[in-house]
Amino acid sequence: MSARWDAVVVGAGFAGTLVAHQLGAQGWRVLVLEAGRAAPTGAQASAAHRAAGGGPPTSPYPHSPDAPSPDVTDLTGLPDGGFTATGHLGQYGPLPYASGYLRANGGTGLLWTGLAPRMHPEDFRTGDLGHGRNWPIGYHDLEPHYRAAERELGVAADAGEQRAAVGLPIPADYDFPMRAIPASFLDRQLADAFDGRTVRDPAVPDPARLAVTATPHARNGVPTRAASVHGRPAGGRSAEGPLTDGPLTEGPLCAGSAGCVPACPTGAKYTPLRTQARWAAGVELRTEAVVSRVLADPETGRAEGVEYLAGGRAHRVVADLVVLAAHAIENARLLLLSGLANRSDQVGRNLMDHPALLTWGLMPRPVGPYRGPGSTSGLEAFRFGPGRERRAPFRIEIGNWGWSWAGGAPEAEAATLLAAGLRGKELRERLGDRLGRQFSLQFELEQPADPANRVTLDPDRRDPLGLPAPAVRYDLSDYVREGMASARAVSDQLFALLGAEDHTAYPAAAWPGRLEHRGAVHGYRGAGHAGGTHLMGDSPATSVVDHWQRCWDHPNLYAVGCGSMPSLGTSNPSLTMAALALRSAGRMHRDLLELNRPAAVTPPAASTSRTPEPSPSEHS
Amino acid sequence: MSVSDERPADYDLAESWDPVAAAEADALADELPDEVADELADLDEFLRVSAELTGFDVPELRATGMADEHHRTALAHRVRDEHALVHLWYVGAWPGEAPSSARAHDQGLVWRTFRATPPGAAAPGHGSWAEAPRDGATRSGAALGGAPLGGAALGGEAR
Ligand SMILES: Cc1cc2nc3c(=O)[nH]c(=O)nc-3n(C[C@H](O)[C@H](O)[C@H](O)COP(=O)(O)OP(=O)(O)OC[C@H]3O[C@@H](n4cnc5c(N)ncnc54)[C@H](O)[C@@H]3O)c2cc1C
C-alpha cells in the first residue's frame, strides 16, 4: 500500500516539534519520525537523576540502543593535556567539541536550561564585522517570529530592560507573555558591587560599563498584561505572518527547584512535550524510528520521502515535503548519508558552539547558591561594539548553581574535604561555609563560522544500525582565544570588585577542553549550542539552505534548527531557532498550498482549516 | 590581566561527575577499630558514632529520616571506616556506589551544611531565590525549606 503524507518531519526535538505543530494546525497531515524513545515526565527524570546520585544531562532519559547520544562524560582530559573521546561522536580534535545532545522524544529540548534571549541586530552581520558569516535576513525579518516563538515557549522577560540594557529593538507596545524571572540573591550582590562601575577589556580602548541585567527565560514567571488581555486567543493567522494561536502561559510558576538541567520537576520550564500535547490529530508521531536517508529524484532534485529503520526493518515513507529536524550534527549526518544538498560543499562545515569559559570562587559572605534557575542575570557589556573586530564577543552568565558546572558540586566538595581528613563539627562548618559562598561566572563566547570545523561521516566507525557515525573536527580560532583572554582579564577585575576569592584552575585531567594562549591556560565547557552545519545564505554556491531553511538543491527539502544559523552571536540560540522554525513553517504551508493548488478551491489566506484527506498509510 | 600560569588546584576537579571516586581511593585509610565496627550493629551506637563523625547530633540525624536506611547500608558492607560512614551521611551513598535511594540522595547532609536542598528535590516557591540565605547551619530537621514536592521529589516513587 502506498500513500503520501503532506510532510514528514525527521526528529521530534525542539525544532521538529514546532514545525509539526504549525503544519498540523493548518490541517496538513504530518508524520514525525523520532529516533529515540518516549520521554518520562520532568518529575520522573529528576527523580531518576537524583536516585543515581547525579550524572551528565542525558543520563536520566531513556537511551535507545539504535540511536545513541553523545554526552560530556564521553570526553576525558589527559594528565599532560589533550583528551580522549568515546561514544557516538568521533572526535578528531585538535580540541574537543565539548557538548552533548539527546536523542529521545523531545530531543535536547528536554534537558536544556531554558534561557531564551533574542539575538541582537548586530549578530546577524558578523561577516561585516570581519569574522564569520552574515545572515541573508536580519533581525527585523525575524522580529514578528521572535514574538510568536516567545508566545509558544512562554518567555518571561522585561521588554523595557531588554530594550535599554541589551539594545534590542522591541516594538513599544510589546509585552513578553510573562514578567522577568526574579533576580537571585547572588545577582543582587553582584549588582551592588558592579552596577555603574567600569572594567577594562584589554582588547578595547574604552572602559566597559557594568549593569547586571535579567535574562529572558522560557520558564514560567508571573503573567503580564499581554497574557491577561489576550487570554488564549483562538488563532488569528495569515499566510505571511506567523501563527499567533497557542498559549501565552501554560504550566505552573517556576518554584525554584534549581534542577532545570537535566529536568524541571514541576513542569515550569518549556519543553517540546508541551507543544506536542497540543498537536492536531493530523500529526502522527513514531518513536524509535531512525531515519537513515532522504530519498530524492536524481533528475529534479525533489525529495520524495525518507527511509527509516525500525523494528529491525527498513521502511519508506513518501511525502510532499521532507523536513530534517534531527539536531545540527544529525541533520548534517543525514544529508551526508543521503548525498544531498551539498553543491556548496558546506554540509557539515562551520560547526559552532558557545565555548564557555568558566571562572569560580567564593564570595566574602553567604549567597545561597543552588537556588532558583541556573542563571537569572548576566552582564551584556562585552557582546557588542568595536571590540568585536579584535576578539570574540561574550555574554557573562552569573551562575546560581555554585561550582557545579566547573566540577565542584557539593558532593565533590564533601568528598574532597573528607579525603583531607576533616570530620565532625569541623567538617560540617567548613563545608557549610565554603558551599554557602560558592559562585561562578560563565563567559559564553561567540565562535564564528569556520569551514574547517566540521562534521563528517566517520570512515572507521558505525553506529549499532550500521550507519556511519558522525565525526567531528573542531578547533577554536585565535579570535575566540583572544575572547578568552579578554574574558579572563574581565573576570579578574570582577572578582576584585566583589572581594571574592578566585578558585579558578584548569587541571588538564579535569578539563578536556583546555588550551594555552599567549602563555595563559584557559579551560572551556561546551554550552550545547551546536549550529552552522547546514548554514543559510544568499547563494547556492556558498550555503546549504536559503533563508527559509530550504535546501538550495532540493526545493521541497528543509533542514531546520541551529544548523541553519550562519552565526550564533552571544545568545543562547534556541529562541532564534524557534523563531526561524515558525517562519519556515509559514513558508512550508504556502509550499503545500501551491502543490495542492489544483485541488484547492479557496485562496490561500482564507484556507484556515483545510480538511484533511483520508488518513494515509505508507508502504513499508 | 590574564593569569600566566595554572594556579594549583586546591581541589581535584576530575571528579566532576563522579564525586565518590575520589573518596573511594583512600577509603581504606581510616578503618574503624574492630570493637567500634562491631558495636555499629546497634542502631543507637551507630547513630552515636555517626553524630561524632558527621558533626550533626543524633536528633538531627534522626530528623533526616535516614537512620534505618543508612544503618542497613553500613551493615551491608564488610569493611566499614570513618570515611565511608561520613560519606554515606553526607552524600547519601556508600563510596563508589549510587545512593541507596533518591531519598538518601536528597537527605544528604552536605546540603544541610548550608541550609540548601539538592537540585530538583524541593519547590521552595517563585522568587524564593531572591531572598537572603538563612544563615548558620540548621539545627532542626527543617532544612528542606519551603513546600517540598510530592512523593517524587522527596525520593518516593516517580509519578
Ligand atoms: C545542557 C544543555 C543546556 C542547554 N541550554 C540551552 C539554553 O538555556 N538556551 C538555549 O537556547 N539552548 C540551550 N541548549 C541548546 C538546545 O537544547 C538546542 O539548541 C536545541 O535542543 C536544538 O534543537 P533541535 O530540534 O535542532 O535538536 P534536538 O532538540 O536535539 O532534537 C533533535 C531530535 O531529532 C531526533 N533525531 C536525531 N537523529 C534522528 C534520526 N536519524 N531519525 C529520526 N530522529 C532523529 C532526536 O532524537 C531528537 O529528538 C542547551 C543544550 C544542552 C546540551
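The values are calculated or read from the model by the stated rules, or taken from the named source; none is laboratory data. Predicted model, so just to flag it, every value in this text is computed and none were measured. Neighbour counts run over all protein chains shown; Cβ positions are idealised from the backbone, glycine included. Ligands, DNA and RNA are stripped out before the accessible areas are found, and what is left, the full protein with its side chains, is counted by its heavy atoms. Shrake-Rupley method; radii C 1.70, N 1.55, O 1.52, S 1.80 Å.
Given the criterion at positive phi, within 16 Å of the ligand (Cβ to nearest atom), surrounded by 24 or more Cβ atoms within 10 Å (Cβ to Cβ) and under 24 Å from the mean Cα position of the chain (by Cα), identify the matching residue among A:G16, A:G42, A:G11.
Working: A:G16 fails: at positive phi; A:G42 fails: at positive phi.
Exactly one residue qualifies, and that residue is A:G11.
I'd like to know if segment A:264-271 contains one or more residues that are more than 20 Å from the chain's Cα centre (by Cα) and of a type in the set (K, R).
no
Can you find even one residue in segment A:474-494 that is surrounded by fewer than 18 Cβ atoms within 10 Å (Cβ to Cβ), over 20 Å from A:E444 (Cβ atoms) and more than 16 Å from the ligand (Cβ to nearest atom)?
For segment A:474-494, residues surrounded by fewer than 18 Cβ atoms within 10 Å (Cβ to Cβ), over 20 Å from A:E444 (Cβ atoms) and more than 16 Å from the ligand (Cβ to nearest atom): absent.
I'd like to verify a number: residues in segment B:61-90 that are open to solvent by 10 Å² or more (accessible area, probe 1.4 Å), among the aliphatic types (A, V, I, L, M) and within 14 Å of chain A (Cβ to nearest Cβ), how many?
Residues in segment B:61-90 being open to solvent by 10 Å² or more (accessible area, probe 1.4 Å), among the aliphatic types (A, V, I, L, M) and within 14 Å of chain A (Cβ to nearest Cβ): 0 in total.
When the residues of segment A:308-358 are filtered to those that are assigned to a strand (DSSP E or B) and in contact with a helix residue (DSSP H, G or I) (Cβ under 9 Å, 6 or more places away or on another chain), which remaining residue is farthest from the ligand (Cβ to nearest atom)? Write out each step before concluding.
Residues of segment A:308-358 that are assigned to a strand (DSSP E or B), as a first pass: A:308-310, A:313-324, A:352, A:355-358.
Cutting the leftovers down to in contact with a helix residue (DSSP H, G or I) (Cβ under 9 Å, 6 or more places away or on another chain) gives us A:320-321, A:323-324, A:352, A:355, A:357.
Working: A:D320: 19, A:L321: 16, A:V323: 11, A:L324: 9, A:M352: 11, A:P355: 14, A:L357: 16 Å.
Once the filter is applied, the top-ranked residue is A:D320.
Would you check which residues across segment B:55-78 are charged (D, E, K, R), over 17 Å from B:H105 (Cβ atoms) and in a helix (DSSP H, G or I) and list them?
Those that are charged (D, E, K, R), over 17 Å from B:H105 (Cβ atoms) and in a helix (DSSP H, G or I): B:E60, B:R62.
In segment A:520-531, which residue that is away from the ligand (no atom under 12 Å from the Cβ) and open to solvent by less than 10 Å² (accessible area, probe 1.4 Å) is nearest to A:Y97 (Cα to Cα)? Working first, answer last.
Kept after step one, since they are away from the ligand (no atom under 12 Å from the Cβ), are these residues of segment A:520-531: A:520-524.
Next, only the ones that are open to solvent by less than 10 Å² (accessible area, probe 1.4 Å) stay: A:520, A:522-524.
Details: A:A520: 21, A:H522: 15, A:G523: 13, A:Y524: 10 Å.
Applying the filter and picking the extreme gives A:Y524.
It is to be established whether one or more residues within segment A:20-32 are under 30 Å from A:G466 (Cα atoms), within 9 Å of the ligand (Cβ to nearest atom) and either open to solvent by less than 30 Å² (accessible area, probe 1.4 Å) or out of contact with any Ser or Thr (no Cβ under 6 Å at 6 or more places or on another chain) (or both).
Looking through segment A:20-32, at least one residue is under 30 Å from A:G466 (Cα atoms), within 9 Å of the ligand (Cβ to nearest atom) and either open to solvent by less than 30 Å² (accessible area, probe 1.4 Å) or out of contact with any Ser or Thr (no Cβ under 6 Å at 6 or more places or on another chain) (or both).
Select from segment A:569-583 the residues that are near the ligand (Cβ under 9 Å from one of its atoms) and of a type in the set (S, T, Y) and write down the one among them that is most open to solvent (accessible area, probe 1.4 Å).
Residues of segment A:569-583 that are near the ligand (Cβ under 9 Å from one of its atoms), as a first pass: A:571-578, A:581.
Imposing the further condition that a residue be of a type in the set (S, T, Y) reduces the set to A:571, A:574, A:576.
Details: A:S571: 0, A:S574: 22, A:T576: 0 Å².
Among them, the one singled out is A:S574.
Kindly check whether there is at least one residue in segment A:257-264 that is open to solvent by 30 Å² or more (accessible area, probe 1.4 Å), within 12 Å of the ligand (Cβ to nearest atom) and of a type outside the set (A, V, I, L, M, F, W, C).
No, the conditions are met nowhere in segment A:257-264.
Would you point out which residue out of A:R278, A:R274, A:R286, A:R390 is basic (K, R), open to solvent by 30 Å² or more (accessible area, probe 1.4 Å), away from chain B (no Cβ under 14 Å) and within 11 Å of the ligand (Cβ to nearest atom)?
Answer to the check: A:R286.
Just checking, how many residues over segment A:476-500 are over 29 Å from A:G130 (Cβ atoms), touching a residue at least 40 places away in the same chain (Cβ under 8 Å) and assigned to a helix (DSSP H, G or I)?
3
For A:G81, indicate whether it is under 23 Å from A:A326 (Cβ atoms) and among the small types (G, A, S). Outline the logic, then answer.
On the way: under 23 Å from A:A326 (Cβ atoms): no; among the small types (G, A, S): yes.
No; evaluated as a whole, the condition is false for this residue.
If only one of B:A104, B:A121 is farther than 20 Å from A:V261 by Cβ and buried (at least 24 other Cβ atoms within 10 Å of the Cβ), which one is it?
Among B:A104, B:A121, only B:A104 is farther than 20 Å from A:V261 by Cβ and buried (at least 24 other Cβ atoms within 10 Å of the Cβ).
Identify all residues within segment B:91-124 that are more than 7 Å from every other protein chain (Cβ to nearest Cβ), closer than 13 Å to B:F56 by Cβ and in a helix (DSSP H, G or I); write none if there are none.
Listed by number, the residues that qualify are B:L109, B:R112.
I need the full set of residues from segment A:532-568 which are among the aliphatic types (A, V, I, L, M), under 21 Å from A:V32 (Cβ atoms) and either part of a strand (DSSP E or B) or open to solvent by 10 Å² or more (accessible area, probe 1.4 Å) (or both), in order please.
The answer is A:V545, A:L557, A:A559.
With the checklist (1) at pLDDT 95 or above; (2) more than 10 Å from the chain's Cα centre (by Cα) in hand, flag the one item B:A98 doesn't pass.
(1)
Among the residues of segment A:49-67, write down those that are in contact (Cβ under 8 Å) with a residue 12 or more places away in the chain, out of contact with any helix residue (DSSP H, G or I) (no Cβ under 7 Å at 6 or more places or on another chain) and open to solvent by 50 Å² or more (accessible area, probe 1.4 Å).
Correct list: A:H63, A:P65, A:D66.
Just checking, which of A:A104, A:A116 is among the small types (G, A, S) and in contact with a Lys or Arg (Cβ under 6 Å, 6 or more places away or on another chain)?
A:A104
When only residues in segment A:501-511 that are assigned to a loop (DSSP other than H, G, I, E, B) and open to solvent by less than 20 Å² (accessible area, probe 1.4 Å) count, which is farthest from A:Q438 (Cα to Cα)?
A:W511
For segment A:395-412, state whether one or more residues are aliphatic (A, V, I, L, M), touching a residue at least 12 places away in the same chain (Cβ under 8 Å) and more than 14 Å from chain B (Cβ to nearest Cβ).
Within segment A:395-412 (the criterion being aliphatic (A, V, I, L, M), touching a residue at least 12 places away in the same chain (Cβ under 8 Å) and more than 14 Å from chain B (Cβ to nearest Cβ)), the answer is yes, since at least one residue qualifies.
Can you spot a residue in segment A:418-440 that is assigned to a strand (DSSP E or B) and more than 10 Å from chain B (Cβ to nearest Cβ)?
Looking for residues that are assigned to a strand (DSSP E or B) and more than 10 Å from chain B (Cβ to nearest Cβ), one finds at least one in segment A:418-440, hence yes.
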